[in-house]
Amino acid sequence: MNRMLGIMVMACLLTVTAEAARKAVPPPEGTAVELVWPQGTPDKLGDADADKPTLAIFPAPKETANGAAVIVCPGGGYGGHAMDYEGYEVAQWLNKHGVTGFVLRYRVAPYRHPAPLSDAQQAMRIVRSRAAEWGVNPARIGMLGFSAGGHLVSTAGTHYVEGDPNAADPLLKVGTRPDFLILIYPVITLKEPYGHQGSCKNLLGENPDPALVQSLSNDEQVNDKTPPSFLVASWADTGVPSENSIQFYLALHKAGVPAELHVYEKGPHGFGMGRGDKVLETWTGHCIDWMNGLFK
């Protein structure tokens, strides 16, 4: 099987995975969950759970909390969410290292852009505005995303909104730029030959505006204000090729933005935290070391 055929096969498998991920996986018992839009979701299509984005809150233990926080965006091809192994488990891992985790269940198809981005930006406003309540430093709030969740995070990092000091809504006074990005086998470009077309279809529809595809191919939107980034990919990933991460890294390097990239030789798309694989699971330690280095 050549690389291009592998990409097409994996794209089909990812679509199936996204369909399976549509069913909401509840957070661990006792986890606090808040609505992202408590006053009502803007432009909502219905009144089901899928129309009500949420944040699951995983506070770091007080005795080890270091003030950092990460908003986690699970993957799912913009058609669902892998809430368990790309969401709740990740937040629990962050807690072990003194980092407060927030798992975002953002809107997916049939919602289109900009709904997921709006949810991510609002989540950042919520966490930053309530940082003191959660024992978080408002200048140490990052975002972490897997696969299509990585696309959402890279979009949040390249299409952020500055706070408006004159806004009537206090939340709109809060800027949405993450302080750092963690991108794990992320979708970055929506263009052929490396873009994941299932994610593009779910996010932008059947015949997307080329200008919008360009705007949301985030390696082309990097500038010197893009947040420092940590990236993980696999050479063997035929669903979201490592070129996504490599191109984003090169754009960051050109812009003078600190970044770290790990490309593993082996590992299928969707390996999550790499548990059970002594090589793949090393990314988690590298990531913690990188985060600790950011704030020295």
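The values are calculated or read from the model by the stated rules, or taken from the named source; none is laboratory data. All values reported here derive from a predicted model rather than from experimental measurement. Heads up, the Cβs are rebuilt from the backbone with ideal geometry, glycines too, and the neighbour counts pull from every protein chain shown.
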Going through the range 220-244 in order, the residues found to be under 15 Å from the mean Cα position of the chain (by Cα) and farther than 23 Å from R140 by Cα are A233, V240, N244
Out of all the residues in the range 246-265, is one or more out of contact with any Ser or Thr (no Cβ under 8 Å at 6 or more places or on another chain), crowded, with 23+ Cβ neighbours inside 10 Å and at pLDDT 95 or above?
no
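Within the range 185-205, does at least one residue satisfy the condition of being of a type in the set (V, I, T), touching a residue at least 24 places away in the same chain (Cβ under 8 Å), closer than 23 Å to G142 by Cα and touching a Leu at 6+ places or on another chain (Cβ under 8 Å)?
Let us first name the residues in the range 185-205 that are of a type in the set (V, I, T), namely 187-189.
Next, only the ones that are touching a residue at least 24 places away in the same chain (Cβ under 8 Å) stay: 187-189.
Restricting the remaining residues to those that are closer than 23 Å to G142 by Cα gives 187-189.
Right, trim to touching a Leu at 6+ places or on another chain (Cβ under 8 Å) and you get none.
Looking through the range 185-205, none of the residues is of a type in the set (V, I, T), touching a residue at least 24 places away in the same chain (Cβ under 8 Å), closer than 23 Å to G142 by Cα and touching a Leu at 6+ places or on another chain (Cβ under 8 Å).
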Every residue from the range 77-110 that is on the phi > 0 side of the Ramachandran plot and touching a Leu at 6+ places or on another chain (Cβ under 9 Å)
G77, Y78
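Does the range 47-54 contain at least one residue that is without any contact (Cβ under 8 Å) to a residue 24 or more places away in the chain, of a type in the set (A, V, I, L, M), out of contact with any helix residue (DSSP H, G or I) (no Cβ under 6 Å at 6 or more places or on another chain) and farther than 21 Å from G163 by Cα? Before you say what the answer is, go through the steps one by one.
Restricting attention to the range 47-54, the residues satisfying the condition of being without any contact (Cβ under 8 Å) to a residue 24 or more places away in the chain are 47-48, 52.
Filter again for of a type in the set (A, V, I, L, M), leaving 48.
With the extra rule that they be out of contact with any helix residue (DSSP H, G or I) (no Cβ under 6 Å at 6 or more places or on another chain), the set shrinks to 48.
Then drop every residue that is not farther than 21 Å from G163 by Cα, which leaves 48.
Within the range 47-54, one or more residues are without any contact (Cβ under 8 Å) to a residue 24 or more places away in the chain, of a type in the set (A, V, I, L, M), out of contact with any helix residue (DSSP H, G or I) (no Cβ under 6 Å at 6 or more places or on another chain) and farther than 21 Å from G163 by Cα.
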Which count do you get for residues in the range 75-116 that are part of a helix (DSSP H, G or I) and not aliphatic (A, V, I, L, M)?
10
Out of all the residues in the range 244-267, which are part of a helix (DSSP H, G or I) and under 16 Å from G150 (Cβ atoms)?
N244, S245, I246, Q247, F248, Y249, A251, L252
If E206 meets every condition in (1) part of a loop (DSSP other than H, G, I, E, B); (2) in contact with a helix residue (DSSP H, G or I) (Cβ under 8 Å, 6 or more places away or on another chain); (3) surrounded by fewer than 17 Cβ atoms within 10 Å (Cβ to Cβ); (4) not hydroxyl-bearing (S, T, Y) apart from one, which number is that one?
(2)
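Could you identify the single residue in P228, P268, P258, P241 that is of a type outside the set (K, R), within 28 Å of H97 (Cα to Cα) and in contact (Cβ under 8 Å) with a residue 60 or more places away in the chain? So that I can check it myself, show each step before the final result.
Numbers: P268 fails: in contact (Cβ under 8 Å) with a residue 60 or more places away in the chain; P258 fails: in contact (Cβ under 8 Å) with a residue 60 or more places away in the chain; P241 fails: within 28 Å of H97 (Cα to Cα).
Residue meeting the stated conditions: P228.
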What is the one condition in (1) touching a Lys or Arg at 6+ places or on another chain (Cβ under 7 Å); (2) surrounded by 22 or more Cβ atoms within 10 Å (Cβ to Cβ); (3) over 17 Å from G149 (Cα atoms) that T226 does not satisfy?
(1)
If you go through the range 213-235 one residue at a time, do you hit one that is farther than 15 Å from L181 by Cα, assigned to a loop (DSSP other than H, G, I, E, B) and in contact with a Phe, Trp or Tyr (Cβ under 8 Å, 6 or more places away or on another chain)?
yes
For L204, only one of the following conditions fails: (1) hydrophobic (A, V, I, L, M, F, W, C); (2) under 14 Å from the mean Cα position of the chain (by Cα); (3) closer than 23 Å to R112 by Cβ. What is its number?
(2)
Scanning the range 55-74 for residues that are in contact with a helix residue (DSSP H, G or I) (Cβ under 9 Å, 6 or more places away or on another chain), under 22 Å from V153 (Cβ atoms) and in a loop (DSSP other than H, G, I, E, B) gives P59, A60, N66, A68, P74
Kindly evaluate D219 against the criterion of being surrounded by fewer than 23 Cβ atoms within 10 Å (Cβ to Cβ), under 29 Å from M291 (Cβ atoms) and in contact with a strand residue (DSSP E or B) (Cβ under 7 Å, 6 or more places away or on another chain).
no
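Quick one: how many residues across the range 165-184 are in a loop (DSSP other than H, G, I, E, B), of a type outside the set (V, I, T), surrounded by fewer than 24 Cβ atoms within 10 Å (Cβ to Cβ) and in contact (Cβ under 8 Å) with a residue 40 or more places away in the chain? If you could, list the steps in order and put the result at the bottom.
Going through the range 165-184, the residues in a loop (DSSP other than H, G, I, E, B) turn out to be 165-169, 174-180.
Filter again for of a type outside the set (V, I, T), leaving 165-169, 175, 177-180.
Applying the additional criterion that residues be surrounded by fewer than 24 Cβ atoms within 10 Å (Cβ to Cβ) yields 165-169, 175, 177, 179-180.
Those left that are additionally in contact (Cβ under 8 Å) with a residue 40 or more places away in the chain: 175, 177, 179-180.
Adding up the residues that qualify gives 4.
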Inter-residue pairs, beta-carbon under 7 Å, first at pLDDT below 95 and in the range 127-156, second in a helix (DSSP H, G or I), 6+ apart
none
